[in-house]
Amino acid sequence: MGTEVDKQVVEAPAKLYRVGPVVLLGAPGAGKGTQAKRIVEVHWVPQISTGDLLRDNVGRGTELGRQAKAIMEGGGLVSDELVCGMVAQRVLTEDCHRGFILDGFPRTVAQAEWLDGFLTGAEFAAHPCTSLPPVVIEIAVSYNHLFQRLTGRRSCPTCQRIYNIHFQPPREFGRCDHDGAELVTRKDDTEDVIAQRLKAYERQTLPLVEYYKRQGRLRSVDGEKSLEQVTEETLKAIGHGHSL
Ligand code: AMP
């Protein structure tokens, strides 16, 4: 009853402030996607997952998807040029005007340097978040814990909710709590590919932690704490936003 009115009440305050760019750093399986969805629920800014955007392109058989497919299936990183172009296009769309959450991007120092240049450059100058420096949050989780998380990960193909058969199982085995769809394992969540993805992370993404630390921007959250605690610390790092 009265859900439309309730919804307006919930949505109204969100329109009064800007969140700016939020960068979620962390290894595959650290919980970036889960935390991004929680930030969306609180702040109403879109989650931009480069992994999801790439999978969408692969699924639709676009030229970009065709170029990315084999690399993704082998657990490697898609070229900086392709990924940066895709991100630029996405953050300039209107739903990103109050801010956006980058999930899985940047993943190399070259991408981080590109992002710094982009956020302070001409293309982004007319964006309402142009003056806001990104809030960079690292979700830190140890290698063994990550491996277990990734091998147990299942997702809902309908609503994209994520479960874990070890840590966060659905109520009914193999089915989404929300819509009952049959849960699926991602193609790159097999043990061999997981090992490759974690290696790619250590080699190419871990240096980003140092990059942002040197800039004095890095907030680190212990990703092995409970989901609620991680969310609380993540939201604290973002703060209350900036006036419009
Ligand atoms: P994810 O869903 O974030 O784990 O990403 C899945 C795969 O997409 C990765 O293993 C990479 O092959 C590719 N990918 C996602 N984001 C990036 C990025 N920022 N740079 C390069 N490759 C990416």
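Quick note: the coordinates plus some simple rules give every number you see, no bench work behind them. Given the structure is predicted, the values throughout are model-derived calculations rather than measurements. For neighbour counting, all protein chains shown are included, and Cβ atoms are generated from backbone atoms with ideal geometry for every residue, glycine included.
Tabulated values for the structure
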item: Output for segment 148-196, where each listed residue is touching a Leu at 6+ places or on another chain (Cβ under 7 Å) and surrounded by fewer than 17 Cβ atoms within 10 Å (Cβ to Cβ); result: Gly174, Arg175
item: Of all residues in segment 168-191 being within 16 Å of the ligand (Cβ to nearest atom) and touching a residue at least 40 places away in the same chain (Cβ under 8 Å), the one that is farthest from Ser155 (Cα to Cα); result: Glu191
item: Selection within segment 29-88 - assigned to a loop (DSSP other than H, G, I, E, B) and touching a strand residue (DSSP E or B) at 6+ places or on another chain (Cβ under 7 Å); result: Gly29, Ala30, Gly31, Val45, Pro46
item: Every pair of residues 6+ apart whose Cβ atoms lie under 9 Å, when the first sits in segment 32-53 and is touching a residue at least 60 places away in the same chain (Cβ under 8 Å) while the second is among the charged types (D, E, K, R) and more than 16 Å from the ligand (Cβ to nearest atom); result: His43/Arg98
item: Residue pairs meeting the criteria (Cβ under 8 Å; at least 6 apart or on separate chains; first touching a residue at least 24 places away in the same chain (Cβ under 8 Å) and surrounded by 18 or more Cβ atoms within 10 Å (Cβ to Cβ), in segment 72-85; second assigned to a loop (DSSP other than H, G, I, E, B) and among the aromatic types (Phe, Trp, Tyr)); result: Val83/Phe105
item: Residue list for segment 120-142, filter: under 19 Å from the mean Cα position of the chain (by Cα) and either exposed (fewer than 13 other Cβ atoms within 10 Å of the Cβ) or within 27 Å of Arg197 (Cβ to Cβ) (or both); result: Pro134, Val135, Val136, Ile137, Glu138, Ile139, Ala140, Val141, Ser142
